[in-house]
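Worksheet for the structure shown next.
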Amino acid sequence: MQNNAGSTPAVFVHPAGRCESDSVGAGTRIWAFAHVLSGGVIGSDCNICDGAYVEAGPWSATASL
C-alpha cells in the first residue's frame, strides 16, 4: 500500500513478511519473517516484529509483538 499525503497511513509489510489478513489497522508495520494469518485482527499503529506469528483472533491496543 502507498501512503499519500493527507490520507490514512498505509499498512507496511516487509518484503520478507507475510500478511494474509484484511483486518490490519492503518499505520501498522509487519516486519521480516512475521506471519499474520487470515482472520487475524491487528489494531492501528502496531509493530509486528521479526518472527511474530499471529493466528486468527483479536489483538487490541497499540503494541509491539
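Gain on full extension, evaluated as 0.36 nm per residue between Tyr53 and Ser21 minus their Cα-Cα distance, stands at 10.3 nm. With Rh defined as the Kirkwood radius, the inverse of the mean 1/r over Cα pairs, the Rg/Rh of the stretch 12-58 is 0.90. Around the amide H of Cys19, modelled in the peptide plane, lie the amide H atoms of Val36, all under 5 Å away and 5 or more residues distant in sequence or on another chain.
No lab work stands behind these numbers, since they all come straight from the coordinates. Remember, it's a predicted structure, so these values are computed and weren't measured experimentally.
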